[in-house]
Every structure is written in structure tokens, then in C-alpha cells.
């Protein structure tokens, strides 16, 4: 093999490693569409609830709301969609939402690469794990200025009251310092 082919193979390896092996192209497309629909519904449920809290009570109370309700919202969405729905991040606020498996870390890196590559219109992928489980992953980015009130920079985006609430409820918080458009997390949805 010549150097160019080896280099190209090395660049494509992360994408090839996460490609489902036993699925047809039609199955992959169907699963991507199904996963995207579920992620869109989950995002809408979560954001509607949180934004309503921010608008009616402010960012600090929205932090309290998330502390009590975020896990329940994901559980309810899982029940509603008859599947397992999770939000994961490498910089989580709630340790429950941290990347845990080697596969989650691998997909995280792949999604980061996809986000930075303009040739990928959709920022999602499916992954077939050993044993046949199929998961859909979709990037979550900071999509609106309101998100920065809890996930932006302390002192500029996050006011003192909200920063104090985050510190009291999440002493190990890692979910601040983001900017608009930045990769914040990912949806992980079990499809099979």
C-alpha cells in the first residue's frame, strides 16, 4: 500500500469503525430517520420545559428545575418513545450524563469530527455494538443565547445567582464555559 492510501485509510478509520456492519443501506437510512425523529421530540420536550422555566422564573430557578426534573424528562421520553433515550457529555453537569463506555467516547470523537466537517449535512450517526444493539447518536450544540445563561462563561453569560445555584446543586459541575454553536453533548438512543 502506498503512503496516500494508508493516510486516507487512517483518516477514514474512525468513521468506518462506527459504521454498522450488519445493516443494509436501506436499514441504516430508516434507523437514522427514526433516531432523528426521536431525538427531535426529546429535544423539543426538554427545551420547552427548560425554556419555560427560564422565562417564568429565571436561570437560577431553571437550574433547580433541571436538578429535579431532567432525569424524569428523559425517563418519560424513553417511555413515550418505547426506547432508551439519554443525553451524554464529556463535560457533564450531572455525573449521570457522563460518557461511560469506550463506545460512547469513540462516538463522541466521531461526532466532533463530523461537526467540524462541512461535507456532513446531518450531525448524527448510528452504531451497531457487539451483540447487535443499535444506537443512534446526534450532536447537541449550544443553539440559542438562553442556553448560555446556564452553560456559558461565568461572570459574563452566567450571573452570580445562577453560578451560586449551580455550585450548590452540582459541586462537580463541568458544563460551563461554552460559546454559541459549540458541541455540548449528544443524544444516545437505543434503536434495537
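The values are calculated or read from the model by the stated rules, or taken from the named source; none is laboratory data. Predicted, not measured: the structure shown is a model, and the values here were computed from it. As a convention, Cβ positions derive from the backbone with ideal geometry for all residues, glycine included, and neighbour counts pool all protein chains shown.
Brief remarks on what is shown
- Unmet requirement for residue 148, which otherwise passes all of (1) part of a helix (DSSP H, G or I); (2) more than 23 Å from residue 112 (Cα to Cα); (3) in contact (Cβ under 8 Å) with a residue 24 or more places away in the chain: (2)
- Taken over region 151-169, the criterion of being surrounded by fewer than 15 Cβ atoms within 10 Å (Cβ to Cβ) and either assigned to a helix (DSSP H, G or I) or touching a helix residue (DSSP H, G or I) at 6+ places or on another chain (Cβ under 6 Å) (or both) is satisfied by 154, 160, 161, 164, 167, 168.
- In the set 106, 101, only one residue is over 18 Å from residue 35 (Cα atoms), surrounded by fewer than 19 Cβ atoms within 10 Å (Cβ to Cβ) and without any contact (Cβ under 8 Å) to a residue 12 or more places away in the chain; that residue is 101.
- In the set 127, 117, 113, only one residue is at pLDDT below 95 and in a helix (DSSP H, G or I); that residue is 113.
- Taking region 65-82 as the range and being closer than 19 Å to residue 135 by Cα and assigned to a helix (DSSP H, G or I) as the test, the residues that pass are 74, 75, 76, 77, 78, 79, 80, 81.
- Residues of region 50-64 that turn out to be surrounded by fewer than 18 Cβ atoms within 10 Å (Cβ to Cβ) and in a helix (DSSP H, G or I), as a count: 7
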